[in-house]
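Student: Before I ask anything, here is the structure I am working with.
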Amino acid sequence: MRHGRLTVTGIVLVTAVGVLAGCSSSGSSKASTTTLPPTTTGGVTVPTTLASGNTVHVAVSDTKGLDGPMTLVAGPASVQAGDVTFVVKNTGTIDHEVIVLKTSLAFNKIPVADAGDPPAPVTSGANKVDETNNIGETGTPNLKPGESRSFTIKNMAAGMYALVCNIAQHYQKGMRAPFTVT
């Protein structure tokens, strides 16, 4: 008899359906979180929290460190206002980070300046963007190759944003993406 596994699956399914059925359309777009009793079976942990809200997956990468192109790709590139969780994965060969900047400038037109971080380009001395409008980031330490990290920005307001890696020279090498909150 397989009642043990069926029961745990049934409880989780019934609980999830009950949580979803309890949702109403009150006109609010705020995220809500409902915590369920923890359930573990057969070495597999069933999530204990069902959350609604916005999740953005961000991949940061490079092919040859500073000697090649770099990318920062976010999906989706637009979400509704409210709590936004960024799940960041470094698929590159060197350290990276993600910083969310509130801006009225195009994501690829943010001025760079000499922040005193080596290595600065020999010709201009400019190597980073200003972080004054930083509203959230992956934090310290930077993400090593293969690492992932999540962070949540609460009550993110509608507007234009830029997602950037602001390690010296990374922004200029292509580690930037537009982001919009509606």
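The values are calculated or read from the model by the stated rules, or taken from the named source; none is laboratory data. None of the values given here were measured: they were computed from a predicted structure. For neighbour counting, all protein chains shown are included, and Cβ atoms are generated from backbone atoms with ideal geometry for every residue, glycine included.
Student: Could you list, in sequence order, all residues of segment 141-168 that are buried (at least 21 other Cβ atoms within 10 Å of the Cβ) and closer than 15 Å to Asn108 by Cβ?
Tutor: Tyr161, Ala162, Leu163, Val164, Cys165, Asn166
Student: Here's another thing I want to ask about it. Take the residues of segment 97-131 that are modelled with pLDDT of 65 or more, of a type in the set (S, T, N, Q) and farther than 21 Å from Asn142 by Cα: which is surrounded by the most Cβ atoms within 10 Å (Cβ to Cβ)?
Tutor: Only one residue tops the list, namely Thr103.
Student: Here's another thing I want to ask about it. Within segment 74-85, is there a residue that is crowded, with 18+ Cβ neighbours inside 10 Å and in contact with a His (Cβ under 6 Å, 6 or more places away or on another chain)?
Tutor: no
Student: Identify, by number, the condition in (1) modelled with pLDDT of 90 or more; (2) in a strand (DSSP E or B) that Thr40 doesn't meet.
Tutor: (1)
Student: Looking at Val98, Val79, Val88 in this structure, which one is under 13 Å from Arg176 (Cα atoms) and within 20 Å of the chain's Cα centre (by Cα)?
Tutor: Val98
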